[in-house]
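What follows is a single structure, written as structure tokens, with notes after it.
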Amino acid sequence: MWPLIGTFLTLTLLTLLLGAFCAWLQRHFDGITVSEWLLDHFYCPAGRVLLLILACLLLWPQIDPALEYGQMFDLLGDGDFLVNSLNIVFLSSLVLSFLPVVGHPAIGLPILSALATAVVARHALPDLPAEPRWWPDLATAIKMLVIALGGYLAIRHFAGRMARAYDNHYLVSGSIVLFNDWLYLLLQVPLILVYGSGLKGLQAAGG
């Protein structure tokens, strides 16, 4: 329980810092077309992907108790892991940012979470089969769909209410972006746990 709480708190803090930094860059680059484009399609999405990968590193020991946190963070010094993360997760994030529907965080972030979870599993799980199965089984897919849909409906309701209260209290505007980023990132925690547990079961069955 405490590691999960620590993960939530860590992601909350880092998401708020990333949101504040992106907001500062948005004001700084206001009116500079190329810089604004890079901010929207590269810099801030890349920051979110880094947080997703960090979430996977923190959560896999909860999925597989045989894995230790030190072992997970050793992956950050593994060149193959970094290359695969860049090629698969970062490039997928870049592609999704150009797609109007799939690029929405309610759809895009779960896709990226699954990719990040699989990349971490590929490098962290011992004794993988020669051809691991990455597509979730039906039960896992249904659980993920229910979490993603329920999370979307809850976030659409609560993020708007919290943002309006925050904007009215501090006489500002635009905080909805920060609340959306924070809540959608936290939603990835149960999705990673469910998908990761499903992957572990598939590999055990396939092995």
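The values are calculated or read from the model by the stated rules, or taken from the named source; none is laboratory data. Everything numeric here is computed off the predicted structure, so don't read it as measured data. In this analysis, Cβ positions are derived from the backbone assuming ideal geometry, glycine residues included, and neighbour counts consider all displayed protein chains.
Might you check whether a residue that is more than 22 Å from L115 (Cα to Cα), under 20 Å from the mean Cα position of the chain (by Cα) and either among the β-branched types (V, I, T) or in a helix (DSSP H, G or I) (or both) occurs anywhere in the range 45-57?
Within the range 45-57 (the criterion being more than 22 Å from L115 (Cα to Cα), under 20 Å from the mean Cα position of the chain (by Cα) and either among the β-branched types (V, I, T) or in a helix (DSSP H, G or I) (or both)), the answer is no, since none of the residues qualifies.
Need pairs with beta-carbon distance below 8 Å; first residue closer than 17 Å to I107 by Cβ and within the range 78-96, second charged (D, E, K, R) and surrounded by 12 or more Cβ atoms within 10 Å (Cβ to Cβ); sequence gap 6+ or separate chains.
S93/R48
Does the range 45-100 hold any residues that are surrounded by 20 or more Cβ atoms within 10 Å (Cβ to Cβ) and among the hydroxyl-bearing types (S, T, Y), and which are they?
Hits for the range 45-100 are S85, S93.
Restrict the check to the range 165-177 and report whether at least one residue is closer than 15 Å to H104 by Cβ, of a type in the set (A, V, I, L, M, F, W, C) and at pLDDT below 90.
Yes, because at least one residue in the range 165-177 is closer than 15 Å to H104 by Cβ, of a type in the set (A, V, I, L, M, F, W, C) and at pLDDT below 90.
Looking at (1) over 14 Å from K200 (Cβ atoms); (2) more than 15 Å from the chain's Cα centre (by Cα); (3) in a helix (DSSP H, G or I); (4) in contact (Cβ under 8 Å) with a residue 24 or more places away in the chain, which one does D74 not meet, given that it meets all the others?
In the conditions (1) over 14 Å from K200 (Cβ atoms); (2) more than 15 Å from the chain's Cα centre (by Cα); (3) in a helix (DSSP H, G or I); (4) in contact (Cβ under 8 Å) with a residue 24 or more places away in the chain, D74 misses (4) alone.
Pairs only if they're at least six apart or on different chains, beta carbon under 6 angstrom, first in the range 180-207 and over 11 Å from P110 (Cβ atoms) and of a type in the set (G, A, S), second at pLDDT 90 or above and in a helix (DSSP H, G or I); list them, first residue then second.
Correct list of pairs: G196/I63; G196/T117; S197/I63; G198/T140.
Restricting to the range 120-165, give me the number of residues that are without any contact (Cβ under 8 Å) to a residue 40 or more places away in the chain and buried (at least 16 other Cβ atoms within 10 Å of the Cβ).
Here the count works out to 4.
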